[in-house]
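Below is one structure; the comments refer to it alone.
Read-outs throughout are calculated quantities, based only on the coordinates presented, and are distinct from any laboratory measurement. Computed from a predicted structure; not experimentally measured. Here Cβ is always computed from backbone atoms with ideal geometry, including for glycine, and neighbour counts include all displayed protein chains.
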Amino acid sequence: MTRRKQNRELEDKPALYATSEDFHRLFAGNVDSLYQLAFVLPGDHDTAEQCFVAGVEDSVHGNNVFKEWAHSWAKRTIVQLAIRALQPKPFDPDSAEDTATHGDLRGVPARHDVIGRLLCLGNFDRFVMSVLERYSEHECALLLGCTPSDVREARTRALQQITVERPHRTETEKDLFSDEVASGAAGSHHA
């Protein structure tokens, strides 16, 4: 088959890969949720803005990605940029960086309660709870440069802190954390 014929066949097929325009639309249409992700991970707006803007640029100018994977790719790009920016390390009780500095949650409105609780976690625990809990322990450990047991311990610590600080959770919190608590009680999560 000649190269010209191959090119014509490719032009006739629907686009399999996300284009720059697809990513621009994706970020514009999901700005709230993608920015929220960019904010919750580092816990500050300056770093969040840097991760969000770099996420747009990397997605638009990055590797070819299947259209169906574009949203996941954009989220993963933001996660990776936040990890690079903060370089979160497993819990060290002697480190001042591991103590949360975002204040008391008692005055946080219910609709912001889950985000507020995540922001009260230490950096490493916040990364595990906010987004990486949807990945396997192994994949999470690879992204964070730690061991799977570090991930397990962070998840357990975060769940304990969230539960202790507010024993009467909202329906949203119950939905978000019930599977985690159940799997944590069973002693395993995402083999």
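Structural remarks
- A simple spin-label model places the labels of Ser20 and Lys89 4.0 nm from each other, with each point 7 Å out along Cα-to-Cβ.
- Packing-based exposure ordering (other Cβ within 10 Å, fewest first) of Ile83, Ile162, Ile115: Ile115, Ile83, Ile162
- Sorted fewest first by neighbouring Cβ atoms within 10 angstrom, Phe124, Phe91 come out as Phe91, Phe124.
- Ser136 versus Glu68: modelled label distance in nm, points set 7 Å from Cα along the beta carbon direction: 2.0 nm
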